[in-house]
Amino acid sequence: MSLLVIGSVAFDAIDTPFGSTGKIVGGAASYISLATSLLHNQVGLVAVVGEDFDFDFVKTLNQRGVNTDGLQVKEGQKSFFWHGKYHLDMNSRDTITTELNVLGDFDPIIPQSQSAPDFVMLGNLSPQVQLTTIERLAQKPKLVVMDTMNFWMDIALDELKTVIAKVDVLTINDEEARQLSGEYSLRKAARIIQKMGPQTLIIKKGEHGALLFGAEDQVFFCPALPLEEVFDPTGAGDTFAGGFIGYLASKGATDFESMKKAVVYGSAMASFCVEKFGTERLASVTLDELNARLAQFEQMMHIA
Ligand code: AMP
């Protein structure tokens, strides 16, 4: 089953109470691609970077089997840049800077050979570009999963709602679910957001796990693995989404029971992401390590 990933590929700068990075590789689609490529071998990436980008990272993606034919490189332009600062709890953060640069006028050109994917992951990006991507697909995919953030709710709510109406699964965090729905209760928020279009909603709650809401009031909850040290939560949400859709694409499945398992895969994958700054840990994680962590989840969630 082919899987198309679109989203930001970027430079980030990250401040945590324990340290800061200079410019390092980040971006929603970077994390998603790394996560999906551990589970699936038919992943294509559509994204844009400037000529300042770190092209060793692109080599890493290629080595892991990600097809980067759809990665545009804009000469004379700068890559998207995001600077975030975490609070002491490491669960909340402020955006210090968002420089769209090449993302400002990104035209998502999907290579002909990838224009009819079975699964699509619309990573965090302007809703306009997410919409254009859907419109350019040669046929309706089996499943479209979309991630977004409060930044787009603040500046492009109408466009965002137009895309949300066209996807099968939306993933957002608890704060964003409350902002989008105007409801504090996540159960009520989920019902309102599902009425906007997506049959399935995933609400990510950082170190407190993730909630999966399906059609007909189905609910599933997966905790996050309690880690002794969280080094850098950046990209955990994207990594979660990558693990989620990577699992489903590898099975060719879209039913609720498979989605429950996919949420556990997403959570296990995200637990690696936070162990080091940026994409470093995710780029080195092996299938054996992932399987060991999945076993920990099974133990943690099992009731005799
Ligand atoms: P997460 O921690 O999963 O929410 O994702 C963090 C990643 O999102 C960072 O690597 C950023 O480069 C990327 N990011 C932040 N803001 C935006 C935005 N407005 N559009 C697209 N990507 C973004």
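Annotation note: of Gln63, Gln77, the sole residue that is open to solvent by 40 Å² or more (accessible area, probe 1.4 Å) and under 22 Å from Tyr247 (Cβ atoms) is Gln63.
Each row is one residue, and each column tells you yes or no for (1) among the charged types (D, E, K, R); (2) touching a residue at least 24 places away in the same chain (Cβ under 8 Å); (3) crowded, with 17+ Cβ neighbours inside 10 Å; (4) touching a strand residue (DSSP E or B) at 6+ places or on another chain (Cβ under 9 Å).
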position: Ala210; (1), (2), (3), (4): no, yes, yes, yes
position: Ala215; (1), (2), (3), (4): no, yes, no, yes
position: Ala224; (1), (2), (3), (4): no, yes, yes, yes
position: Thr234; (1), (2), (3), (4): no, yes, yes, yes
position: Asp238; (1), (2), (3), (4): yes, yes, yes, yes
position: Gly252; (1), (2), (3), (4): no, yes, no, yes
position: Asp255; (1), (2), (3), (4): yes, no, no, no
position: Ser258; (1), (2), (3), (4): no, no, no, no
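Table: residues versus (1) farther than 22 Å from Ser92 by Cβ; (2) at pLDDT below 95; (3) away from the ligand (no atom under 16 Å from the Cβ); (4) out of contact with any His (no Cβ under 7 Å at 6 or more places or on another chain).
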position	(1), (2), (3), (4)
Gly123	no, no, no, yes
Thr132	yes, no, no, yes
Glu135	yes, no, yes, yes
Leu143	yes, no, yes, yes
Asp158	yes, no, yes, yes
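Every test in (1) of a type in the set (Phe, Trp, Tyr); (2) more than 30 Å from Asn41 (Cβ to Cβ); (3) in contact (Cβ under 8 Å) with a residue 40 or more places away in the chain is passed by Tyr184 save one, and that test is (3). Looking across the stretch 136-167 at every residue that is among the polar types (S, T, N, Q) and outside any helix (DSSP H, G or I), the one that is farthest from the chain's Cα centre (by Cα) is identified as Gln139. Inspect the stretch 109-119 for any residue being within 16 Å of Ala28 (Cα to Cα) and either open to solvent by less than 40 Å² (accessible area, probe 1.4 Å) or in contact with a strand residue (DSSP E or B) (Cβ under 8 Å, 6 or more places away or on another chain) (or both) and give the result as yes or no. So far as the stretch 109-119 goes, no, none of its residues is within 16 Å of Ala28 (Cα to Cα) and either open to solvent by less than 40 Å² (accessible area, probe 1.4 Å) or in contact with a strand residue (DSSP E or B) (Cβ under 8 Å, 6 or more places away or on another chain) (or both). I'd like to know if the stretch 28-38 contains one or more residues that are modelled with pLDDT of 95 or more, open to solvent by less than 20 Å² (accessible area, probe 1.4 Å) and either farther than 30 Å from Ala253 by Cβ or part of a loop (DSSP other than H, G, I, E, B) (or both). So far as the stretch 28-38 goes, no, none of its residues is modelled with pLDDT of 95 or more, open to solvent by less than 20 Å² (accessible area, probe 1.4 Å) and either farther than 30 Å from Ala253 by Cβ or part of a loop (DSSP other than H, G, I, E, B) (or both). Of the residues Val285, Val264, Val274, the single one that is crowded, with 18+ Cβ neighbours inside 10 Å and over 26 Å from Asp12 (Cα atoms) is Val264.
Within 16 Å of the ligand (Cβ to nearest atom) and among the acidic types (Asp, Glu), is that true of Asp105? Yes, satisfied. One residue stands out among those in the stretch 224-256 that are β-branched (Val, Ile, Thr) and more than 13 Å from Val145 (Cβ to Cβ): the one that is nearest to the ligand (Cβ to nearest atom), which is Thr234. Using the structure shown, decide if Ile192 is in a helix (DSSP H, G or I) and surrounded by fewer than 21 Cβ atoms within 10 Å (Cβ to Cβ). Criteria met by Ile192.
Residue count for the stretch 161-175 satisfying the condition of being open to solvent by less than 10 Å² (accessible area, probe 1.4 Å) and either farther than 16 Å from Phe106 by Cβ or away from the ligand (no atom under 14 Å from the Cβ) (or both): 6. Pairs meeting the criteria (first residue in the stretch 273-284 and of a type in the set (D, E, K, R), second residue open to solvent by less than 40 Å² (accessible area, probe 1.4 Å) and part of a helix (DSSP H, G or I), beta carbons under 7 Å, at least 6 apart or on different chains) are Glu275/Arg281; Arg281/Phe272; Arg281/Cys273.
Please give the number of the condition Glu207 fails out of (1) modelled with pLDDT of 95 or more; (2) in a helix (DSSP H, G or I). Of everything listed in (1) modelled with pLDDT of 95 or more; (2) in a helix (DSSP H, G or I), Glu207 misses just condition (1).
The values are calculated or read from the model by the stated rules, or taken from the named source; none is laboratory data. Predicted model, so just to flag it, every value in this text is computed and none were measured. Positions of Cβ are backbone-derived with ideal geometry, glycine not excepted, and every protein chain shown enters the neighbour counts. The accessibility values were calculated without ligands, DNA or RNA, using every heavy atom of the protein model including side chains. Shrake-Rupley method; radii C 1.70, N 1.55, O 1.52, S 1.80 Å.
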